[in-house]
1. With a 10 Å cut-off between alpha carbons and a GNM built on the chain, which of E249, E131, E92 moves the most?
2. Kindly write out, for the stretch 335-344 in residue order, the coupling ³J(HN,Hα) from the Karplus curve 6.51 cos²θ - 1.76 cosθ + 1.60 (θ = phi - 60°), rounded to whole Hz, with x marking Gly and Pro.
3. So for the stretch 4-73, what percent of the C-alpha to C-alpha distances run longer than 16 Å?
4. Where nothing but the Cβ of Lys and Arg (+1) and of Asp and Glu (-1) is charged, how large is the charge dipole of the chain around its Cα centre, in debye to the nearest 20?
5. Just to be sure I understand the model, the point goes 7 Å from the Cα along the line to the Cβ. What's the resulting M341 to S208 distance in nm?
6. With a 10 Å radius around each residue's Cβ, average the other Cβ atoms per peptide and rank 257-268, 334-345, highest first.
7. Counting other beta carbons within 10 Å of each residue's own, what order do W7, W35 fall into, fewest first?
8. Rounded if a/c is under 1.5, else prolate if a/b beats b/c, else oblate: with a ≥ b ≥ c from the C-alpha gyration tensor eigenvalues square-rooted, which is the stretch 164-223?
Amino acid sequence: MDDKRFWVGLTLVKGIGAVRLRGLLEYFGTAETAWNASLYDLVAAGLSPKLAERLIQVRKSVNLEEYVANIARNAIRVLTWDDAEYPAHLKEIEQPPPVLYLRGEITPEDRWAVAIVGTRSVTSYGRQVTEEVVTTLAHNGITVVSGLARGVDAIAHHAALKAGGRTLAVLGSGVDKIYPPEHRSLAEKIIAQGAILSDYPPGTPPESANFPPRNRIISGLSLAIVVVEAGDTSGALITAEFAAEQGREVFAVPGSIFAPQSRGPNQLIANGAKPLLSAHSVLETLDLTRNIERREIRKAVPTDPTEAILLQALGSEPLHVDDLRSRVALPIEKVSATLAMMELKGLVRQVGSMNYVAMHEEAATYYTKNK
């Protein structure tokens, strides 16, 4: 895998996001080569002269080894597209963040996640709904994703922790700049029972412009989002918009037509979102009612680390062996040999032309027979 420090360096350049970084990788082959390229070659790769000059200026001003070492000293991890741990659902969205900064741990079980978002000015009704929905999700092994903000977000994180579930918080700042500051204690609890993450480099302050873009990560990590309460201009509605664009299910909690906090969800329902009438409706719609059983099967069945990595990367949608190899960063020979063994066990199935899917039901049968 390419050295992560060069990924970090390139994403420190304002104007280099997912699209331009992918173009640089395709042109130069590695992030290291792109980072060290000349002005002429950077322009040839598609950067404007101004952006190429900016990259060179950042290269001169930043000591990457020292910068990355400081990140590590603060117990912050870096994930890139090349990492098998990079969240699979997030990687599927258009323009996924090339680099994620993480405190805590993302696990394979976080593939089953639902985002809970809403207003900071939550009512007692919104609080009750949030706590009941989150508790039900957590008890069914669903990871709860939110944004650590005041109101619905904080209630969702607290409820997930109280229920013994996992929760992920996506920040609009660096993961070392907790906002709001009164949620520092909550953030530490989340790190111990999930993770806080951001695509903003450490040290980035919580500026207002950062929060709308981070909402695409909240929805991208999730199978669905639930908008509890939201005013006409709430950031939760931006998250719902991202979710719809990403093909995620959007649920909205109906409320009084006279309540300003219910205007957003009621409008979402009018526009086609699913009205949330019970916490179990999320589980039923997403076919997650047997999620705990599925998770136990996935943890128990693989007999070696390679099988576990491949099973984590596969889902119900066919994935070509070459794409799978790229996702897990393993030699093609090892991937092919392991897939052949997993197919014999019933863990995966080939669906034509070297495309594979995970077989949850057959995996369950295999696990039952071998208990």
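Read the figures in this text as sums done on the coordinates, not as results from a lab. Just so you know, these numbers come straight off a predicted model, no measurement behind them. FYI the Cβ positions are ideal-geometry reconstructions off the backbone, even for glycines, and counts take in every protein chain you see.
1. E92
2. With the stated coefficients, the stretch 335-344 comes to 4, 4, 5, 5, 4, 4, 5, 5, 5, 5 Hz.
3. Cα-Cα pairs in the stretch 4-73 separated by more than 16 Å: 40 percent.
4. 600
5. 5.7
6. Those peptides, ordered most packed to least, come out 257-268, 334-345.
7. W35, W7
8. Since a/c reaches 1.5 but b/c is at least a/b, the shape of the stretch 164-223 is classed as oblate.
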